[in-house]
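Report on one structure; see the data block that follows.
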There are 2 protein chains.
Amino acid sequence: MIQPWEKRKHWVDYDCGFFQVHVHHSASPTTGKEHPFYVLTTRDWTNVVALTPGGKAVLVSQYRHGTGEVSLEIPGGAVDTGELPLAAAKRELREETGYEAREWHLLGSVRPNPAILGNTCFLYLALDAQPTAELDLDEAEELEVSLHPLEEIPGMIRDGRIQHSLVVAAFYFHEIFKRK
Amino acid sequence: MIQPWEKRKHWVDYDCGFFQVHVHHSASPTTGKEHPFYVLTTRDWTNVVALTPGGKAVLVSQYRHGTGEVSLEIPGGAVDTGELPLAAAKRELREETGYEAREWHLLGSVRPNPAILGNTCFLYLALDAQPTAELDLDEAEELEVSLHPLEEIPGMIRDGRIQHSLVVAAFYFHEIFKRK
């Protein structure tokens, strides 16, 4: 049975406002030897599989600075301090797409990367999603909304049109959810 | 059509050896205004859905310092400099589980997080995986290998026993792959 490591020393080594890099000096439960580990803390995230009454998924395209490419994704973003994940999901859907939905389900949650990230991404399903408002974007956000038949999504994942791992995870949770 | 932003200034703000934090000052193609973006560079990653001749998935448990929890995952890790992703996948399977496989397929690839990470994770399927050797772990790695019937994996994802987003993505790619 794998045991936790003991964190003996710990400090914040870098902070850019969006995330912090922590150094942990932790000791193996087996050997007692200490090793350094670098981990990032940041807000929890949320994303939304939003479906129109006609069964189309609401996707957003945006330029992503990590990859330096335009990325096709589902709406989502960081959960604000004091905000519930569902409220963040509803807010991000509305702000990024102008859509609101009648029926919401929590599909599940994932750890974006247990090795280096401490946070959680909450995955939601929003049914009966319909356009109700204008987009409400931050100054550094430029998004384009598009609708895609849900049955085309697996092919779009396979052929690389959808590449974001958390978007792939959300669509798999949705498939598993439908099987229940 | 979403256009790329123009990177006007750029520097490395932090480097811990495992990843670097870059600051990009980039200008919107629409407004021309500059904004700062923080992005991480690190090696590409790979992970492996390895199946035994009896149809069981080879999983590994390990303590993960990002979440501070024991995490059940598929084998995987970083691609070394000059190494091909397939070679890294074979190496990680062997080192982390002691298994080797006869038949390999590239299931696809994902971007772990296009917003803040520039790298790619290559997802492989390894068939006819069988134990051939002892584990070969780094000093800071402690792993436990377990076998799980493939048909139980979706339930393990739904109920949170498997939480790593890149592991969830790999199993979805495997389902999509089988449908072809």
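Here, each number is a calculation from the coordinates, and none is a lab measurement. All values reported here derive from a predicted model rather than from experimental measurement. For neighbour counting, all protein chains shown are included, and Cβ atoms are generated from backbone atoms with ideal geometry for every residue, glycine included.
Miscellaneous remarks
- Ranked A:H22, B:H148, B:H65, criterion: other C-beta atoms within 10 Å, fewest first: B:H148, A:H22, B:H65
- Whole-angstrom gap from the range B:155-179 to the range A:29-69, using each part's C-alpha centre: 15
- Theoretical ellipticity at 222 nm over chain B - DSSP helices of four or more residues, -39500 (n - 2.57) apiece, nearest 500: -6000 deg cm²/dmol
- Structure remark: mean-square fluctuation, Gaussian network model of chain A, C-alpha springs under 10 Å; the largest value among A:R43, A:R161, A:R91 belongs to A:R161.
- If you run the Gaussian network model on chain B, springs between alpha carbon atoms under 10 Å, then out of B:T81, B:T46, B:T120 the most flexible one is B:T81.
- Each of A:Y14, A:Y63 was scored by other Cβ atoms within 10 Å of its Cβ. Arranged with the fewest first, they read A:Y14, A:Y63.
- Global form of the protein assembly as shown, assessed from the alpha-carbon gyration tensor, a/c cut-off 1.5: oblate
- Computed about the Cα centre, the dipole magnitude for chain A is approximately 1040 debye when only Lys and Arg (+1) and Asp and Glu (-1) carry charge, each at its Cβ.
- Once C-alpha pairs closer than 8 Å and six or more residues apart are averaged by separation and normalised to the residue number of chain B, the relative contact order reads 22 percent.
- Extreme residue, positive dipole direction of the protein assembly as shown, given options A:Y14, B:L72, A:T30 (C-beta unit charges): B:L72
- For chain A, a Gaussian network of Cα nodes joined below 10 Å ranks A:K90, A:K56, A:K33 by mean-square fluctuation, and the top entry is A:K33.
- Cβ-Cβ FRET estimate between B:L86 and B:E34, R0 fixed at 45 Å, reported to 0.05: 0.65
- Peptide-level mean, for A:30-37, of C-beta atoms on other protein chains within 10 Å: 3
- The protein assembly as shown - share of DSSP beta bridges that are antiparallel (%, nearest 5): 85
- Those lysines that a straight Cα-Cα span of less than 18 Å connects to A:K9, excepting residues fewer than 8 apart in one chain: A:K33
- Sparse packing (at most 12 other Cβ atoms within 10 Å of the Cβ) combined with a DSSP loop state is found for the following GluC sites (Glu not before Pro) in the range A:88-147: A:E134, A:E139.
- Distances from B:E103 to itself in the other copies, using label points 7 Å out along the Cα-Cβ axis, amount to 4.1 nm in increasing order.
- Long pairs among A:K56/B:K180; A:K180/B:K180; A:K180/B:K56; A:K56/A:K180; A:K90/B:K7, criterion Cα-Cα beyond 29 Å: A:K90/B:K7
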